[in-house]
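The structure appears right after this line, and notes come after that.
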Amino acid sequence: MSFMSKDFSVMAYANGFTLWNYSSSDALATIKGANYFDDIAPFARVGDMILTVANNQSTVAPAILAVTSIADGAVNVSELGSAAA
């Protein structure tokens, strides 16, 4: 699949930082891949965090992602850590 804007929302915003929430049936490896979040380039900032629930239709894989760079409409993220117990 691909990024679905309807499943992406703001959880909190303060001092230029946004905490986002995103849930998808895509695998976490797909979500962390190149160009997945490019649609959010106009809204996101480097340092924003995305609380992510991948595979939400099967075995849930929660993770915390950080926006590491935004250049020419390309958004790169990296995993800060797993939210799994």
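From the list 73, 33, 47, the lone residue that is without any contact (Cβ under 8 Å) to a residue 12 or more places away in the chain and of a type outside the set (S, T, N, Q) is 33.
Can you tell me which residue in the stretch 20-47 is farthest from residue 66 (Cα to Cα), limited to those that are of a type in the set (A, V, I, L, M, F, W, C) and open to solvent by 40 Å² or more (accessible area, probe 1.4 Å)? Once the filter is applied, the top-ranked residue is 27. Looking across the stretch 48-76, the residues that are open to solvent by less than 10 Å² (accessible area, probe 1.4 Å) and part of a strand (DSSP E or B) come down to 50, 52, 54, 63, 65, 67, 75.
The values are calculated or read from the model by the stated rules, or taken from the named source; none is laboratory data. Worth saying up front: this structure is predicted, and the values here are computed from it rather than measured. Positions of Cβ are generated from backbone atoms using ideal geometry, with glycine treated the same way; all protein chains shown enter the neighbour counts. Only protein heavy atoms, including side chains, enter the accessible area calculation; ligands, DNA and RNA are left aside. Shrake-Rupley method; radii C 1.70, N 1.55, O 1.52, S 1.80 Å.
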